[in-house]
Structure formats: structure tokens, C-alpha cells
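Below: one structure, written as C-alpha cells.
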Amino acid sequence: MPKTLFVDSTPDIDRVWKRVHGPKDIPVVVNMGPVDEKDVPARVVGYDTVINDATYFSGATLEKCAGLKHIVFLGTGAASFVDIAAAKRLGIKVSTISGYGDTTVAEHAMGLVFAAARHIATMHGIVRSGGWRPMQGMELRGKTLGIVGLGGIGREMARLAGGIGLKTLTYNRTPKPGTVPIDELLAQSDIVSLHLALNDATRGFLDRDRLRKTKPGVILVNTARAAIVDGSVLVELLRSGHIGHYATDVFGKEPPSPDEPLLSIDNVTLTAHAGYNTPEAAMTMYRRAIDLAAAG
């Protein structure tokens, strides 16, 4: 039986975890995070399996984790936190979990669409600080939402969009019936929502050339991974106003460092990588994580 450590639980996770992990399941030692990367090797000593929420395992760190055989990542975006190539070279299996929260993440993405379109977070901050600034927003009905990535979350996003009266354009890296080329989607969409997995082919997918093809004033929503977008170009186009608003649940480093440029830009809405975080989705994800750890 594998010796398993949940390396970086949180109080929110732990409340749901205790409802899922039962006496008939494999033993899992739960460590409350966060865990600084320099402390990872010492923390995982004696465990061959690690369940990981948001702890960084670079190649250098993995080389110091003697005895580690399996990382079960809570979600699909392991590449943002684990050096996948190094893990493969060292014989460390990396398991991910997909499909556990398609509706939950899509609902969060749609919430960001509303927040960006009506400047909800910006006005909230102004009013709370004693100010008053009624900001003109965007009526969504009849606007075009471009959905980049037509997996489970992207399909849920399209379903939600129909109820609001948004028109949709969809792009998928493997073309499907009804999808359009990415340049066409970017040129015609008032809002672009990203739902691509991060891998070598999608890192920097929205580069300078593609970002400049978007409609002036476009709203860009990202509940996928930060590295899909060229961050320096994004900041440049936000400051110029070509991108009207960036609403994101993901950052290149999480939590972001104090010098993260997005923290000092007005036309952004920022959430703390919580798109997946509902009890319904979490219970499914933790159940699958336990089963993956048990399978080895």
C-alpha cells in the first residue's frame, strides 16, 4: 500500500476532505499548506505518493525527493506546478483529474464575464473606500462570446451563454463541427474566454500577434492557465486600452508576488484560483484523488 501525503491542504479543503476520505480508504497523512518549494523535499521524505493542490515541484526539487514515485495533482493543470519532463525522466508518475468540475468552473468564468462587463469589482472597491463612480458597462445580450477550447468546461460555457442571449463562436485545437479558426474568433468576439489545457503547444498561445487581432476593448477571461497568454503583451494592451478588461482566476505564480503587474492595473478583475472550488466539484475531485493514490 502506498504511503501517501496530502502535501498542502487548506482549511477549506480539509472540511470537504473529511467528508470524502473514509475508514476504508488508504491512509493519507494531511499536511496543512502552503509549502515553500525549498521545504518540499524534507516534507515528502518517507512518502512514495503525494497529493498536490498548489505546491511547486521544479526539476531541481524533484531530484531531491528520493523515494517519490507518484504525484496526484488536484486538477488538470499539473504543468503549472510540476516539471512534467523532469518527473518523467526521474520515473515519477504524474496523475491529473479532469471532468470533476466542468459546470463549477464554467459558472465561475461566466461570473467573471458579468464582473468585467459591469465593472463590479472596480465599483465595489470604490464604494467601500468611500467613493462613488457609476461606471458604464456592457449589455451582454446580443454580444459575441468567443470560447477558446471546447472541452467539458468550454461546452458548459456555451450552454450558459445561450441562456443569457450571448452569441457564441468556438475554437478547438482539433477542429469540431461548428468551430472556427482562432483568428476569426478573436476578430469577431466582444468577450474571449479561455478553456485550453496548458502544454507545450498552448504555452503562449495568445501571443502578441493574436492578442493584437482582438477587437478593441475586448474582455478577456481566463480560468484556464496564465501561461496560455503572453503576460508582458497582455499588460501592455491593458494599459493602452486595446484589451478593455482582463478577468482572471489564474496567475503565473500563485499566490502572485507583490510586483505582479496585474495588481496595479485598474481594468482587471482578479480571483484566487477558486473556479473549481465548490463542495460538489471538490468532493468528486478528492474521491478521484484518493482512488488514484490507492491505484499507485
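None of the figures in this text is laboratory data; all of them are computed from the coordinates on show. The shown structure was predicted, so the numbers you read here are calculated from the model rather than taken from an experiment. With ideal geometry, Cβ positions are generated from the backbone for all residues, glycine too; neighbour counts draw on all protein chains shown.
Figures for the structure shown
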item	result
Charge dipole (the chain, unit charges on Cβ, about Cα centre) - positive-most of ALA247, MET285, PRO181	PRO181
Dipole magnitude of segment 1-144 about its Cα centre (Cβ charges: Lys, Arg +1; Asp, Glu -1), debye to nearest 20	200
Lys, Arg +1 and Asp, Glu -1 on Cβ, resulting dipole of the chain about Cα centre, debye, nearest 20	500
Among 284-292, 222-230, the order from most to least packed when residues are scored by Cβ within 10 Å on average	222-230, 284-292
Largest-first principal axis extents, alpha carbons of segment 25-79, Å	32, 26, 20
Cα centroid separation - segment 43-112 against segment 127-191, whole Å	29
Nearest 10 degrees, 0 to 90: helix 279-295 Cα axis against the chain principal axis	40
